[in-house]
């Protein structure tokens, strides 16, 4: 499973900053603020995504995408639990796969494998099957909000 230590942190910071987010690096072994699932999973508070070197990339992207998909006026109030609906959760999962392609050495295919290994569950049995054959609602949701162009 890819972790923050395995990838280009500067590229990750640049990707998050495109959406008005900041990556807050947490020292190894320190508690991760705003982590819904507990360490080493990423945490969110406001516009910050908190992660340690051992934080899985899928988790970092997932939590960042939660912040990306919410309206700006809701972001400031977010602490730990960012999800508001199943549609928002699906959009978050879809967007994290799309954004993985923007990170050198990550890519959507690798991210979907890590999502499956971590235990994400989808009706069709895998992240890839969902992404390729059952994610039309998530795509539409993202398009309606200007977060997905093309596809």
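Results, tabulated for the structure shown:
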{"quantity": "Gain on full stretching of the segment that runs from residue 149 to residue 10 - 0.36 nm per residue minus C-alpha separation", "calculated": "47.6 nm"}
{"quantity": "Rounded to whole Å, sorted largest first: equivalent-ellipsoid semi-axes of segment 92-151, Cα gyration tensor", "calculated": "18, 15, 8"}
{"quantity": "Span from the segment 2-76 Cα centroid across to the segment 113-151 one, whole angstrom", "calculated": "20 Å"}
{"quantity": "Selected from 79, 62, 133 as most flexible by GNM, with the chain as the system and alpha-carbon contacts under 10 Å", "calculated": "133"}
{"quantity": "Within a Gaussian network of the chain (alpha carbon springs, distance under 10 Å), most fluctuating of 123, 52, 25", "calculated": "123"}
{"quantity": "Segment residue 102-residue 76, length gained on full extension (0.36 nm per residue, minus Cα span)", "calculated": "6.8 nm"}
{"quantity": "Gaussian network model of the chain, springs between alpha carbon atoms under 10 Å - residue of 109, 138, 77 with greatest fluctuation", "calculated": "77"}
{"quantity": "Once the Cα gyration tensor of segment 4-144 is diagonalised, semi-axes √(5λ) in Å", "calculated": "22, 18, 14"}
{"quantity": "Computed label-point distance, nm, for sites residue 132 and residue 25 using a 7 Å Cα→Cβ extension", "calculated": "3.6 nm"}
{"quantity": "Helix-only [θ]222 nm of the chain, DSSP H runs n ≥ 4, -39500 (n - 2.57) each, per residue, nearest 500", "calculated": "-13500 deg cm²/dmol"}
{"quantity": "Cα convex hull of segment 42-88, projected area averaged across orientations, nm²", "calculated": "3.1 nm²"}
{"quantity": "Mean separation of Cα contacts under 8 Å, 6 or more apart, over the residue count of segment 4-144: relative contact order %", "calculated": "20 percent"}
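Every number in this text was worked out from the coordinates using simple rules, so none of it is lab data. Remember, predicted model here, so these are calculated numbers, not experimental data. For neighbour counting, all protein chains shown are included, and Cβ atoms are generated from backbone atoms with ideal geometry for every residue, glycine included.
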